[in-house]
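Before I ask anything, let me first share the structure, which is written out below as structure tokens.
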Amino acid sequence: MNGSLVVVSGPSGSGKSSLCKKICGEFEFASLSISTTTRKVRAGEKDGVDYFFTDESSFQDMAAKGEFLEWAQVHGNLYGTSRVWVERALESGRSVIFDIDVQGQASIVRLFPKETTSIFLTTPSARALRSRLVGRGTDDQEAIEERLINARKEMESIDLFDYLLVNDSFDESYNLLRGIVLASRIKCGAVSLSKFISNWSN
Ligand code: 5GP
């Protein structure tokens, strides 16, 4: 079995986390990378399920010890990806799904250029993003404005991604993402080519 890394980035509110969670619910081989963050817990979130919530000094300790594969400041909070967990998952042939920002995507692509497939997920317009952020009711007005400013900045990185998914309909986006995740497992960089080629040498 082949492992693969699938990074989903894009503006906050574009639907990344629902799509990623559904993929991991459907495919036994797929696992979501659970990040560590200094952000405050939102209503309905659980420690160890949505994130590992921590304070800034513990986060900095972990970063100094090299426990993160990548980490970044996003919307004023710190977020980091567990190095050990991702390396083990990849070695055991799993597909790791990342819901991380564009800085995280750049780091994962740099570290695992062959194994990584990256997708930029966004809404059809800024107006659609605003109405989703207002509709989900998790952020106040100031946070929404900050997320919209960030969204415009993140859009400048689109051409660094393999795929652009415009999330107009959840079902349509899910079908496309599903196809990309399946294809990520047969990318020549991810497949164990030496093992395959040895079957042809005798
Ligand atoms: P939220 O606070 O809304 O859950 O996430 C804010 C942003 O941080 C989202 O764009 C999310 O994808 C990103 N993010 C979550 N975890 C990580 C991580 O470990 N690394 C990076 N670079 N970004 C992350």
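Between F68 and residues 5 or more places away or on another chain, which pairs have amide H atoms under 5 Å apart, with H built 1.01 Å from N, and which residues are they?
R83
Do you know the relative contact order of the chain, to the nearest whole percent, from alpha carbon pairs under 8 angstrom that are 6+ apart?
Here the relative contact order equals 32 percent.
Using a 1.4 angstrom probe on heavy atoms only, work out the carbon and sulfur share of the accessible area of the stretch 1-117 in %.
51 percent
To one decimal place, what orientation-averaged projected area in nm² is obtained for the convex hull of the Cα set of the stretch 56-134?
Convex hull of Cα atoms, orientation-averaged projection: 6.8 nm².
Ranked highest first by average number of other Cβ atoms within 10 Å, how do 49-59, 64-74, 118-128 line up?
Ranked from most to least packed, the peptides come out as 118-128, 64-74, 49-59.
Using a 1.4 Å probe, what is the accessible area per residue for the chain, in Å²?
Per residue, the chain has an accessible area of 55 Å².
Here's another thing I want to ask about it. Beta carbons within 10 angstrom, averaged per residue: use that to sort the peptides 176-187, 146-157, 88-99, highest first.
Descending mean neighbour count gives 88-99, 176-187, 146-157.
What are the ³J(HN,Hα) values, in whole Hz, obtained from phi via the Karplus relation 6.51 cos²θ - 1.76 cosθ + 1.60 with θ = phi - 60°, for each residue of the stretch 178-185 in sequence order, with x given for Gly and Pro?
4, x, 5, 5, 4, 5, 4, 7
Quick one: Karplus J couplings for the stretch 99-109, per residue in order, coefficients 6.51, -1.76, 1.60, θ = phi - 60°, nearest Hz, x for Gly and Pro?
Residue by residue, the stretch 99-109 yields 10, 9, 7, 5, 5, x, 4, 4, 5, 5, 5 Hz.
Pairs of lysines 8 or more apart, or on different chains, with alpha carbons under 30 Å: count those in the chain, would you?
Within the chain, the lysine pair count is 27.
Rounded, prolate or oblate for the stretch 6-121? Axes are the square roots of the Cα gyration tensor eigenvalues, ordered a ≥ b ≥ c, and the cut-off for rounded is a/c under 1.5.
Rounded is the answer for the stretch 6-121, as its axis ratio a/c remains below 1.5.
Convex hull over the alpha-carbon atoms of the stretch 11-74: what's its volume per residue in Å³?
Value for the stretch 11-74: 112 Å³ per residue.
Among DSSP beta bridges lying fully in the stretch 39-187, give the percent that are antiparallel, nearest 5.
Rounded to the nearest five, the antiparallel share is 55 percent.
While we're on this one: In percent, what relative contact order does the stretch 1-76 have, based on Cα pairs under 8 Å that are 6 or more apart in sequence?
For the stretch 1-76, the relative contact order is 18 percent.
Here is a further query. State, in angstrom, two size descriptors of the chain derived from its alpha carbons: Rg to one decimal place and Dmax to the nearest whole number.
According to the Cα coordinates of the chain, Rg and Dmax are 17.4, 67 Å.
The values are calculated or read from the model by the stated rules, or taken from the named source; none is laboratory data. Computed from a prediction, not measured in an experiment: that's the story for all the values here. Glycine also receives a Cβ, built like all others from the backbone with ideal geometry; neighbour counts cover every protein chain displayed. Ligands, DNA and RNA are excluded from the accessible area calculation, which covers all protein heavy atoms including side chains. Shrake-Rupley method; radii C 1.70, N 1.55, O 1.52, S 1.80 Å.
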